[in-house]
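Have a look at the structure below, then the notes.
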Amino acid sequence: MYILFDIGGTKTRVAASNNLTTIGKPIIFNTPKNFRRGVQMIKNAAIALSQGKKIKAVAGGTPGPQDFSHTKIINAPNLPGWNGKPLKGALQALLKTKVFLENDTALVGLGEAHFGAGKASGIMAYLTVSTGVGGVRIVDRHIDRNSMGFEVGHQIISLDGGKFRDLESFISGKATEKKYHKKPYKILDKKFWDEAAHILAIGLNNTIVHWSPDTVIIGGSMMKKIGIPIKRVHYHLNKILKIFPRKPKILKAKLGDLGGLHGAMIYLKQSLTHEGVRGGLICNLENK
């Protein structure tokens, strides 16, 4: 029995997998702002899902960048109470098993690369436009190597009145709600959503020229039916992106709210395989 989780700025999802090929129905709850309560709720969900079976390993995603060793969140703007707290150590102590952490958006992208819209891609960029804005580069169906994670939502796209403004501050759900004092899905003005598509296209242009992907997958709550129209993103990007002879495929994500759990399952499988290979290499070296 394996446990998978996806800690988002708004919701947390916890699910079980018997064989790391399929995922059971998740337990979903509002993400607590308090770290101790959040960890306890993940533990409670894991125990309920395991139904008395031994939990062999756990993997999951968290918002914001993590420390180099992937043991804790270091700067999640929407969950400040979790920053700097020993998340990996706390979960390992509570569940008495190995825990593997990765950025939540990175795991959604990994899920899309294996089960969703990016299955045919060799070099894929995934962007989520949700409570915040995040992204990841996936190469050969693995999260690309990095030193501090990927934070495409914090690319500077405007110098407004002498102040730097990043992509997230324009089109994230949190920024939109703060500015208009209503949930984004209640905004019905087509001009607003077209401007959001234009701004997203600017961010996509920057991401594409930096990462040179063959496919870009876009997901998140701001891309739903009442949200940023993908056709208008295509329209604006065609006018902006000129340096390359053709633009990559731009597709909507397919896995919806379960993308992070699918990615956590693949990440856990890849992590355990890597540990096994590394352990075998060390054993062979020691025996020589």
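The values are calculated or read from the model by the stated rules, or taken from the named source; none is laboratory data. Quick caveat: nothing in here was measured; it's all calculated off a predicted structure. We place every Cβ from the backbone using ideal geometry, glycine too, and count neighbours over all the protein chains shown.
When the range 188-201 is filtered for residues that are over 16 Å from VAL136 (Cα atoms) and either surrounded by fewer than 17 Cβ atoms within 10 Å (Cβ to Cβ) or in contact with a helix residue (DSSP H, G or I) (Cβ under 6 Å, 6 or more places away or on another chain) (or both), the ones remaining, listed by number, are LEU188, ASP189, LYS190, LYS191, PHE192, ASP194, GLU195, ALA196, ALA197, HIS198, ILE199, ALA201. Just to be sure, is GLY111 closer than 25 Å to VAL216 by Cα, in contact with a Gly (Cβ under 6 Å, 6 or more places away or on another chain), at pLDDT 95 or above and not in a loop (DSSP other than H, G, I, E, B)? Judged against the criteria, GLY111 is a match.
So is HIS154 of a type outside the set (Lys, Arg) and at positive phi or not? So HIS154 fails the test.
Residues in the range 136-151 that are at negative phi and at pLDDT 95 or above: VAL136, ARG137, ILE138, VAL139, HIS142, ILE143, ASP144. Of the helices (runs of 4 or more DSSP H) entirely within the range 121-225, those holding at least 2 residues that are β-branched (Val, Ile, Thr) occupy 190-211. The residues in the range 91-108 that are in a helix (DSSP H, G or I) and out of contact with any helix residue (DSSP H, G or I) (no Cβ under 7 Å at 6 or more places or on another chain) can be counted, and the count is 4. Here GLU102 passes the criteria (1) over 16 Å from PHE5 (Cα atoms); (2) buried (at least 21 other Cβ atoms within 10 Å of the Cβ); (3) not aromatic (Phe, Trp, Tyr) except the one numbered (1). If you go through the range 64-82 and keep only what is of a type outside the set (A, V, I, L, M, F, W, C) and within 17 Å of the chain's Cα centre (by Cα), you end up with GLY64, PRO65, GLN66, ASP67, HIS70, THR71, LYS72, ASN75, PRO77, ASN78. Is there a residue being modelled with pLDDT of 95 or more, assigned by TED's automatic domain parsing to the domain that holds GLN270, under 18 Å from the mean Cα position of the chain (by Cα) and surrounded by fewer than 21 Cβ atoms within 10 Å (Cβ to Cβ) anywhere in the range 1-21? No: zero hits.
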